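Before any comments, here is the structure.
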């Protein structure tokens, strides 16, 4: 009991210390956001809803299995709406209709770490022809440091439409309202699924969400991400089991509302809880 109380006290102290350190960082980013936000093309929720063109959306992670998709398969995929998140901006496979950004670097505190990552992210996004007409979905709110910096520093492209959304950290079920925010669940993938559900797609297909290794489609086969502390690309992501279980529960919730959730890669660990997509689905 004493050990549990001690550990709880240590955790609360660390949490409070982290909040104190992050406050000036968040305040600076939030203030800069409000100075620049009027210069951007912001979509309202009603305007955003008119942009959906099909009943099916493909959501892309960054797993190496994307390299195995044939040109013929990509042509089938691009007949539907498409959505990426975070570093999917590296891709040249398919037109990207929506792209959600929440975090792109390992830390918000150290400028030498976050600034190059954020600048590189938007450099690629601005120059990649696959993102020429993409709607960027940027997290907003006081705690949304990356989204606030993207607007406040003028890094997000001003010639693209932007929709601002809020994250609900700790939520275990999908949000039922865009205005309320998107449930973070086990990670940014959940927010993407929640967004797709709320915007009205009836079929949601997850591609490039492999989970069985740490390979990324734009890197060499055995090359780890530079900021990944685990250097063995064969090691599964540490949250894989939580993601598999969590999305299995979400699948049941969405099905009650007439929305189907699929996985594209037959080898993905998500096959434990999600059905495999086929064009006849």
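The values are calculated or read from the model by the stated rules, or taken from the named source; none is laboratory data. For clarity, every value in this text was computed on a predicted model and none was experimentally measured. Cβ atoms come from the backbone with ideal geometry, glycine included; neighbour counts cover every protein chain shown.
Within the range 91-102, which residues are surrounded by fewer than 19 Cβ atoms within 10 Å (Cβ to Cβ) and more than 23 Å from residue 202 (Cα to Cα)? Across the range 91-102, the qualifying residue is only 92.
What tally of residues in the range 250-281 results from selecting those that are under 25 Å from residue 176 (Cα atoms) and either in contact (Cβ under 8 Å) with a residue 12 or more places away in the chain or surrounded by 14 or more Cβ atoms within 10 Å (Cβ to Cβ) (or both)? Residues meeting the conditions: 17.
Evaluate the following for residue 14: is it part of a helix (DSSP H, G or I), modelled with pLDDT under 95 and farther than 21 Å from residue 114 by Cα? Yes.
Restricting 155, 178 to those that are modelled with pLDDT of 95 or more, more than 20 Å from residue 47 (Cβ to Cβ) and touching a helix residue (DSSP H, G or I) at 6+ places or on another chain (Cβ under 6 Å) reduces the list to 155.
So is residue 225 surrounded by 14 or more Cβ atoms within 10 Å (Cβ to Cβ), touching a strand residue (DSSP E or B) at 6+ places or on another chain (Cβ under 8 Å) and either under 30 Å from residue 280 (Cβ atoms) or modelled with pLDDT of 95 or more (or both) or not? Against the criterion (surrounded by 14 or more Cβ atoms within 10 Å (Cβ to Cβ), touching a strand residue (DSSP E or B) at 6+ places or on another chain (Cβ under 8 Å) and either under 30 Å from residue 280 (Cβ atoms) or modelled with pLDDT of 95 or more (or both)), residue 225 does not qualify.
Report yes if some residue within the range 31-45 is part of a loop (DSSP other than H, G, I, E, B), at negative phi and surrounded by 13 or more Cβ atoms within 10 Å (Cβ to Cβ); otherwise report no. Yes, the range 31-45 contains at least one residue that is part of a loop (DSSP other than H, G, I, E, B), at negative phi and surrounded by 13 or more Cβ atoms within 10 Å (Cβ to Cβ).
This table checks each residue for (1) in a helix (DSSP H, G or I); (2) under 21 Å from residue 21 (Cβ atoms); (3) free of Cβ contacts under 8 Å to residues at least 24 places away in the same chain; (4) out of contact with any strand residue (DSSP E or B) (no Cβ under 7 Å at 6 or more places or on another chain).
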residue	(1), (2), (3), (4)
105	no, yes, no, yes
120	yes, no, yes, yes
137	no, no, no, no
142	no, yes, no, yes
149	yes, yes, no, yes
154	no, no, no, yes
157	no, no, no, yes
172	no, no, no, yes
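Residues that are surrounded by fewer than 21 Cβ atoms within 10 Å (Cβ to Cβ) and either within 14 Å of the chain's Cα centre (by Cα) or farther than 22 Å from residue 240 by Cβ (or both) within the range 199-213 comprise 199, 200, 202, 203, listed in sequence order. Within the range 185-194, does at least one residue satisfy the condition of being surrounded by fewer than 14 Cβ atoms within 10 Å (Cβ to Cβ) and either within 23 Å of residue 139 (Cα to Cα) or out of contact with any strand residue (DSSP E or B) (no Cβ under 7 Å at 6 or more places or on another chain) (or both)? Scanning the range 185-194, I find no residue that is surrounded by fewer than 14 Cβ atoms within 10 Å (Cβ to Cβ) and either within 23 Å of residue 139 (Cα to Cα) or out of contact with any strand residue (DSSP E or B) (no Cβ under 7 Å at 6 or more places or on another chain) (or both), so the answer is no.
When restricted to residues that are touching a strand residue (DSSP E or B) at 6+ places or on another chain (Cβ under 9 Å) and surrounded by fewer than 22 Cβ atoms within 10 Å (Cβ to Cβ), the range 51-76 contains 9. The combined condition, being surrounded by fewer than 21 Cβ atoms within 10 Å (Cβ to Cβ) and within 25 Å of residue 43 (Cα to Cα), is not fulfilled by residue 237. If you go through the range 239-264 and keep only what is within 18 Å of the chain's Cα centre (by Cα) and in a loop (DSSP other than H, G, I, E, B), you end up with 239, 264. Just to verify a result, which residue in the range 69-98, among those that are in contact (Cβ under 8 Å) with a residue 12 or more places away in the chain, over 21 Å from residue 151 (Cβ atoms) and part of a helix (DSSP H, G or I), is farthest from the chain's Cα centre (by Cα)? Residue satisfying both the conditions and the ranking: 76.
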